[in-house]
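Enquirer: Below is the structure I would like to discuss, written out as structure tokens.
The values are calculated or read from the model by the stated rules, or taken from the named source; none is laboratory data. Fair warning: this is a prediction, and the values are worked out from it, not measured in the lab. All Cβ positions, even for glycine, are placed from backbone atoms using ideal geometry, and neighbour counts span all protein chains on display. The accessibility values were calculated without ligands, DNA or RNA, using every heavy atom of the protein model including side chains. Shrake-Rupley method; radii C 1.70, N 1.55, O 1.52, S 1.80 Å.
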Amino acid sequence: MDAVRHDASEPRFASQYAAASVIPHNAAITDESWHLQTSLRFFEALRSRGDAGVRTQRHYEVFEWPQLVASYAEAMLGYRVLPVNGEGECGVPRRADGVPVYGWSFQTYFADMPRYCAFLSGLYRGLGGELEKTGFCDVDTLMAIRASVIVNCGGAWGRTLWGDACSSRYVRGILVRAHAGDMPRNRTTGEICSYNYHPAPSVYCRSGGRPADVYFYPRSDGWILGGTRLESTELSDSEDSNVRPVWHGETWQGPVIRLPRDGSGDSAELAVPEPMLMLNRELIRRLTGIDLKDTRLTAMEGFRHQRQTVRLELETQHGRPVVHNYGHGGAGITLSWSCAIRVAELVGDHVGACADLRHIEAKVRAGLA
Ligand SMILES: Cc1cc2nc3c(=O)[nH]c(=O)nc-3n(C[C@H](O)[C@H](O)[C@H](O)COP(=O)(O)OP(=O)(O)OC[C@H]3O[C@@H](n4cnc5c(N)ncnc54)[C@H](O)[C@@H]3O)c2cc1C
């Protein structure tokens, strides 16, 4: 199946920028543990198929200072804590010899997005779904659609359609794609691996000295290097899909490296925070033995939409039922299956169809068989 390529002309499609790991980073959702357990079950079914673009790999969450283990971590496969004395373990990412490292690791599900999205399209069609590509629609156009229920999964622009009393913030992520070829392996353990690494703030930090992390995920279409989280309370909602959203929020004040914009095919450039790139490069060199110094690098940017809590509810608009499903922050892929179940339940209740978790899971498993 063809992989879905990154479409640089559509900056409003966050799913293109997720790497994506199945970890509830920055998730704010009611009943988080149910969501995580449900999603993990679906990702396991996808992984075991072998051709869905989903795999598991050891993922390290590393801090250069002592850290309490995040509440979700113990639910993850193969979870283990790094020694509390900061010595680390064989194969742990570390910026330099002698730097103390704390944190934990586990086997994360990883959705290799270009392959995974292509697989999902095929699965959906196989189950009788239809896909139609359109431009940005206004509310009148959406209301004219002949459907019993409209589901609003408009991502960062979901709240602009029918309004939303809950506050939002947008987190801009600048990513680097290293066109590096083969899947790299941890040179100590031989495993495919990934990390989120939190260095001392003197090495790399957010505005006001707040700690920042950098991250690395190898993928079939390049190795993804990230770690820029710039915040804003607003994002322009231009209706012209060729116009990039206007950024009103935080900007990176430190040194930058200018890289060609990913997939743009022209000379457009994007400024990447230098410490984010250099720290990732050093971590990857030490971890895999591969130096990206002479590797072709391109950059892209996406927007995480962080709502106070994920919006999952049915409301009536102009006499029509609308189910909202947006505001997943940095965990929309992680929570995708459990949120889809909730949406199906809300739609099922409304139209009087059987759509509980068992029924949907059985249907998806049949599609996967
Ligand atoms: C840099 C970055 C890294 C990330 N990494 C991860 C990760 O590792 N793991 C993880 O779980 N999550 C990650 N995320 C978060 C994840 O990408 C999002 O939460 C998720 O993709 C949201 O999916 P969605 O379908 O709700 O929204 P989107 O993917 O944004 O899709 C919304 C769609 O609705 C369309 N749309 C909006 N309004 C209209 C309209 N009026 N008319 C027609 N179409 C409209 C948009 O064009 C878009 O196609 C990351 C996000 C970013 C930006």
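Enquirer: Here is a list of conditions, (1) in a strand (DSSP E or B); (2) out of contact with any Leu (no Cβ under 9 Å at 6 or more places or on another chain), and Ser267 meets all of them except one; can you say which number that is?
Expert: Condition not satisfied by Ser267: (1).
Enquirer: Continuing with this model, one more query. Residues being over 22 Å from the mean Cα position of the chain (by Cα) and over 22 Å from Arg58 (Cβ atoms): count how many of those fall in the range 167-206.
Expert: 4
Conditions (1) within 11 Å of the ligand (Cβ to nearest atom); (2) assigned to a loop (DSSP other than H, G, I, E, B), marked per residue:
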site: Gly128; (1), (2): no, yes
site: Thr134; (1), (2): yes, yes
site: Ser148; (1), (2): no, yes
site: Gly158; (1), (2): yes, no
site: Tyr170; (1), (2): yes, no
site: Thr188; (1), (2): no, yes
site: Ser202; (1), (2): no, yes
site: Pro218; (1), (2): no, no
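Enquirer: Still on this structure: When you look at Gly327, is it at positive phi, outside any loop (DSSP other than H, G, I, E, B) and within 23 Å of the chain's Cα centre (by Cα), yes or no? Before you say what the answer is, go through the steps one by one.
Expert: Details: at positive phi: yes; outside any loop (DSSP other than H, G, I, E, B): yes; within 23 Å of the chain's Cα centre (by Cα): yes.
In short, yes.
Per-residue answers, yes or no, for (1) among the β-branched types (Val, Ile, Thr); (2) touching a helix residue (DSSP H, G or I) at 6+ places or on another chain (Cβ under 8 Å):
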site: Ser148; (1), (2): no, yes
site: Asn152; (1), (2): no, yes
site: Arg159; (1), (2): no, no
site: Gly181; (1), (2): no, no
site: Pro201; (1), (2): no, yes
site: Arg206; (1), (2): no, no
site: Pro211; (1), (2): no, no
site: Val214; (1), (2): yes, yes
site: Ile224; (1), (2): yes, no
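Enquirer: Please go through the range 27-75 and give me each residue that is open to solvent by 60 Å² or more (accessible area, probe 1.4 Å), among the small types (Gly, Ala, Ser) and in a helix (DSSP H, G or I), ordered by number.
Expert: Of everything in the range 27-75, those that are open to solvent by 60 Å² or more (accessible area, probe 1.4 Å), among the small types (Gly, Ala, Ser) and in a helix (DSSP H, G or I) turn out to be Ser33, Ser48.
Enquirer: Name the pairs: first residue in the range 123-151 and closer than 19 Å to Leu314 by Cβ, second residue assigned to a strand (DSSP E or B) and open to solvent by less than 90 Å² (accessible area, probe 1.4 Å), Cβ to Cβ under 7 Å, at least 6 apart or on different chains?
Expert: Leu142/Ile150; Met143/Arg320; Val149/Pro321; Val149/Val323; Ile150/Arg320; Ile150/Val322; Val151/Val323; Val151/Asn325
Enquirer: Determine whether the range 102-122 contains at least one residue that is more than 27 Å from His25 (Cα to Cα) and modelled with pLDDT of 90 or more.
Expert: Residues of the range 102-122 that are more than 27 Å from His25 (Cα to Cα), as a first pass: 122.
Narrowing the set further to residues that are modelled with pLDDT of 90 or more leaves 122.
Yes: one or more hits.
Enquirer: Within the range 76-94, which residues are crowded, with 19+ Cβ neighbours inside 10 Å and of a type in the set (D, E, K, R)? It would help to see each step written out before you state the result.
Expert: Within the range 76-94, the subset crowded, with 19+ Cβ neighbours inside 10 Å is 76, 82, 92-94.
Arg94 - this is the single residue of the range 76-94 that is crowded, with 19+ Cβ neighbours inside 10 Å and of a type in the set (D, E, K, R).
Enquirer: Same structure again: Which ones in the range 350-362 are in a helix (DSSP H, G or I) and either surrounded by fewer than 14 Cβ atoms within 10 Å (Cβ to Cβ) or in contact with a Gly (Cβ under 6 Å, 6 or more places away or on another chain) (or both)?
Expert: Passing the criteria: Val351, Arg358, Ala362.
Enquirer: Can you work out which of the residues in the range 202-229 that are polar (S, T, N, Q) and open to solvent by 50 Å² or more (accessible area, probe 1.4 Å) is nearest to Ala331 (Cα to Cα)?
Expert: Looking only at the range 202-229, we keep the residues that are polar (S, T, N, Q), and these are 202, 207, 220, 228.
Keeping just the survivors that are open to solvent by 50 Å² or more (accessible area, probe 1.4 Å) gives 202, 207, 220.
On the way: Ser202: 28, Ser207: 23, Ser220: 21 Å.
Out of the qualifying residues, it is Ser220.
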